1. Residue under question is R159, and the condition is that it be touching a strand residue (DSSP E or B) at 6+ places or on another chain (Cβ under 8 Å), among the basic types (K, R) and not in a helix (DSSP H, G or I); does it hold?
2. Taking only the range 245-267 into account, find how many residues are open to solvent by 70 Å² or more (accessible area, probe 1.4 Å) and either in contact (Cβ under 8 Å) with a residue 60 or more places away in the chain or aromatic (F, W, Y) (or both).
3. Counting only residues that are under 11 Å from L318 (Cα atoms), give me the helices (runs of 4 or more DSSP H) lying completely in the range 342-435 with at least 2 of them.
4. Within the range 162-188, how many residues are under 19 Å from the mean Cα position of the chain (by Cα) and not in a loop (DSSP other than H, G, I, E, B)?
5. Mind checking which pairs have a first residue in the range 283-300 that is open to solvent by 40 Å² or more (accessible area, probe 1.4 Å) and a second that is hydroxyl-bearing (S, T, Y) and at pLDDT below 95, Cβ under 8 Å, 6 or more apart or different chains?
6. Would you mind stating whether K209 is under 24 Å from T124 (Cβ atoms) and buried (at least 16 other Cβ atoms within 10 Å of the Cβ)?
7. Kindly establish whether G388 is surrounded by fewer than 18 Cβ atoms within 10 Å (Cβ to Cβ), within 23 Å of A262 (Cβ to Cβ) and not hydrophobic (A, V, I, L, M, F, W, C).
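The values are calculated or read from the model by the stated rules, or taken from the named source; none is laboratory data. All values reported here derive from a predicted model rather than from experimental measurement. For neighbour counting, all protein chains shown are included, and Cβ atoms are generated from backbone atoms with ideal geometry for every residue, glycine included. When the accessible area is computed, the model is the full protein with side chains, heavy atoms only, and any ligands, DNA or RNA have been set aside. Shrake-Rupley method; radii C 1.70, N 1.55, O 1.52, S 1.80 Å.
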Amino acid sequence: MNISIFGLGYVGCVSMGCLAERGHRVIGVDISKTKVDQINSGRATIIEQGIDQIIFDQHKAGNIEATMNPHDAVAKTDISIIAVGTPSTDNGHLNLQYIFKVAESIGNALKEKRGFHIITIRSTVMPGTCDKIADIIGKASGKKRNHHFAVADNPEFLREGTALSDYNNPPLTLIGCDNEKAAETVAGLYRHLPGEIIITDIKVAEIIKYVNNTFHALKVSFGNEVGNICKELGIDSHAVMDIFSKDTQLNISPYYFKPGFAYGGSCLPKDLKGLQTLAHDLYVDVPLISSIHKTNEIQIQRAIKIISRYWNKKLGFLGLSFKAGTDDLRNSPAVAVIEALLGKGCDILIYDRNINLAKLTGTNKDYIDSKIPHLSALLREDIADLIGECEVIIINNKEPEFHEILNNVKDKIIIDFVRLNEEIVLYENYIGINW
């Protein structure tokens, strides 16, 4: 396939070499004459182990060249990959002037070109950027998106120093596109690589790089805060985190990465507070660990705000305990939400098959008595009765029976804090807490 790459920096140079190795004909485009001359003399534009030899070999084989003329590059290729920089501005926003200039130059080049052209964004961009790029290209070319051209987002996950290995051994390849033909064409560039190829919505693809790198920064910071606490206690922090990382069922797993309601129960709040207190007593500053409960409280307030829109309707809560399959009400976010709404005068009913007030004992009983002392008047023993009486149904945990009974309930407003299932998401009057 004939491919043009706009931007001959780190991502552009590595992509050029690796695509050419697979037999593609690649034309690099850059405003820097120095970089163009380097490629045209068989030299890489970056310092990266192995890339010099690849560029030299592929130039010698006639598979790569470079130009400062975008019109010529677009005219000779089927796909244009945009890999220019998107540096941060002083206020933290992305400087997109370079990528928009490239989009305009591609659009101008497409005026004279026949046939379908695909533009793929490898640069790191914020959600909505691909749509802006498509608008710029459409305006400059006078052509119609998804009729004459398509735009896809294909974020790169390359690390300096291991870029060639990362390119050839990706954990996954992500393509965001609203054109099936274009998505499959772009996917064809990577079919030979290991890792799943995922084709998704454009905005999902656009935000992934930010989520990935923010989480990587979070992990480094969390590890350092734990290490600082351990240091003061004379504990080997590497031994602690080595053991921590061996748990792939909970610690290093997808289990806790599903956006939804706040955490609760007895263990997480208690142990988090314990570690925070330990750090405080040791005079160790742990701003990340100290802010976790604040984020959890924000999620509870978010839930209250969503439900408060319907303060004048009868509210039915499915689930009161902090998670399915338990009667533990301690620090249940649902209890906090209901307590706040009762204070606003809301009319509320609750169903939870696991809650038997006569069997509640100890701190569990003391907790609920202090929060909702007249709970018995709010509980319903029959879930069908609650659904029949209430205009708004709020789902607080994933009890299996909720799936069954809500399967055909489409005449109610449903507020879901746990993403009960994918079918219910499609209901007309459905609201998810953060999806």
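1. Spelling it out, it is not the case that R159 is touching a strand residue (DSSP E or B) at 6+ places or on another chain (Cβ under 8 Å), among the basic types (K, R) and not in a helix (DSSP H, G or I).
2. Residues meeting the conditions: 5.
3. Of the helices (runs of 4 or more DSSP H) lying wholly inside the range 342-435, those with at least 2 residues that are under 11 Å from L318 (Cα atoms) span 383-389, 400-406.
4. Total satisfying the criteria: 6.
5. That search, which allows pairs on different chains as well, returns nothing.
6. When the stated conditions are applied, K209 passes them.
7. Spelling it out, it is not the case that G388 is surrounded by fewer than 18 Cβ atoms within 10 Å (Cβ to Cβ), within 23 Å of A262 (Cβ to Cβ) and not hydrophobic (A, V, I, L, M, F, W, C).
Residue-by-condition table, conditions (1) free of Cβ contacts under 8 Å to residues at least 24 places away in the same chain; (2) surrounded by 17 or more Cβ atoms within 10 Å (Cβ to Cβ); (3) under 17 Å from M16 (Cα atoms); (4) in contact with a His (Cβ under 9 Å, 6 or more places away or on another chain):
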{"site": "G138", "(1), (2), (3), (4)": "no, yes, no, yes"}
{"site": "R159", "(1), (2), (3), (4)": "yes, no, yes, no"}
{"site": "A163", "(1), (2), (3), (4)": "no, yes, yes, no"}
{"site": "D166", "(1), (2), (3), (4)": "yes, no, yes, no"}
{"site": "P171", "(1), (2), (3), (4)": "no, no, no, no"}
{"site": "I175", "(1), (2), (3), (4)": "no, yes, no, no"}
